[in-house]
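Here is the structure we will look at.
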Amino acid sequence: MNTTLRKSILGIAGLTAAAGLAAGPLNHATSSNEPTPITPIAAVQADKPDMGTLLPHGTPSNQSHVDLNDEQVGNVKAIIAATKKAGMDERAAVVSIATALQESKLENLGHLGDRNDHDSQGLFQQRPSSGWGTVEQITDPEYSTLAFLKGLKQVDGWQDMPLTQAAQTVQVSAYPDHYAQWEQQAADLVAEHWTS
């Protein structure tokens with residue numbers, strides 16, 4: 001064998017051995033020959049709610065949708081935070097957000113003058129004269145959400161009811177079926193913001 005060929009073969013063998021030593025510890029976990037556990041680079045968020053939880057009865061037909069501005073998205077986040085503070089789940093947030101979408105399009109409304117429904121104000125159009133709280137309280141997103149959720153907790157079996165029935169039992173609206181049209185958008189908003 002000529003010297004050049006021998007040096008080439010020995011050089012390749014040396015590189016292979018060095019590469020094996022360098023890679024060796026990565027392939028051998030312990031002396032028991034157990035495989036090395038793979039550490040994920042990015043974890044998947046496990047606590048993001050799924051649509052089956054958010055829409056247990058499926059999506060009603062004839063859904064409505066409004067594009068939200070920053071203030072409205074802030075109100076969504078306030079409703080979700082209040083729902084968590086009340087110790088309630090994602091479905092309660094869906095019911096709350098759908099209700100606020102119907103009542104105010106997620107705008108924290110003050111008194112609207114001639115366009116006001118009696119003395120209704122805030123996200124949920126709650127009325128001071130009906131015992132929901134003062135004007136200052138019901139125009140506070142956290143307070144108004146907690147007041148709505150307190151009413152929802154008093155509805156036996158609300159978790160198993162269609163959204164519009166649960167919302168109507170609390171709100172006593174002149175338009176009891178209108179809450180259902182916001183269920184999909186409310187579920188989408190909870191899915192997007194529950195963990196943010």
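Packing order of peptides 84-90, 138-144, highest average first: 138-144, 84-90 (average count of other Cβ atoms within 10 Å over each peptide's residues). Relative to the compact-globule estimate of 2.2 N^0.38 Å, the Cα radius of gyration of region 44-196 comes out at 0.96. Annotation: amide H-H contacts under 5 Å for LEU68 (H modelled 1.01 Å from N, sequence separation of 5 or more, or interchain): none. Residues whose amide H lies under 5 Å from that of GLN126, counting only those 5 or more places away or on a different chain, are GLN121; hydrogens are built 1.01 Å from N in the peptide plane.
Computed from the coordinates by the stated procedures, all read-outs in this text should not be read as laboratory data. Everything numeric here is computed off the predicted structure, so don't read it as measured data. Note that we place each Cβ from the backbone using ideal geometry, even for glycine, and neighbour counts take in every protein chain shown.
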